[in-house]
Amino acid sequence: MSEQEPNTVEATGAQFALQRIFVKDASFESPKAPEIFRTKWQPKVNLELNSTHSLIAEDLYEVVLQLTITARTEEDDVVYLTEVQQAGLFLIKGLEPDAMAQTLGAFCPSVLFPYAREAVDGLVIKGSFPPLMLAPVNFDAIYEQSRRKQQEATH
């Protein structure tokens, strides 16, 4: 009786592998520097998150997590504005469409977030401002909310 080598996807189920993580784009602006360093201010910080994904090759996806952070004074003057596009290449195969959407829309961005947070901190510190300790983000909840909005829009 000979054993036959099973198909990898069928035998092991889905496959997921992180291929590469990289900064796709980064910017930092401080329009009030150096005057802002001479004043006391309590920043009002606004964080905007966005993620996109695209198929690069068979089973190879690029996921880009974009963070835009704007710190303002009480008078609504922009103290600094930083934007980071943290990207990753992910090998993903053998997932059902719903699981694939969840993986690309929530799981991959959650993998990228710590790297994006570190990149943002580096830019803010190099701008001579205190580190910006961004709180963890629940990408599953954001994904679910986005999915519900899409369903409501189509009905």
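Some points to look at:
- Ignoring lysines fewer than eight residues from K126 along the same chain, the ones with Cα atoms less than 27 angstrom from its Cα are K24, K32, K40, K44.
- In plain terms, the chain from L47 to E29 could stretch by 5.0 nm, reckoned as 0.36 nm per residue minus the Cα-Cα distance.
- Label-point separation, Q145 to T39 (7 Å along Cα→Cβ), nm: 3.1
- A simple spin-label model places the labels of E58 and D77 5.9 nm from each other, with each point 7 Å out along Cα-to-Cβ.
- Crossing angle, helix 139-154 versus the chain [Cα axis fit, 0-90 degrees, rounded to tens]: 80
- Cα centroids of segment 128-153 and segment 58-72: 12 Å apart.
- The relative contact order of segment 1-134 comes to 29 percent, based on Cα pairs under 8 Å that sit 6 or more residues apart.
- Most mobile listed residue (A26, A87, A135) in the chain, GNM with C-alpha springs under 10 Å: A135
Read-outs: derived from the displayed coordinates by stated rules, not from any lab. As the structure is a prediction and not an experimental result, all values here were calculated from the model. Here the Cβ is made from the backbone with ideal geometry for all residues, glycine too, and neighbour counts use every protein chain on show.
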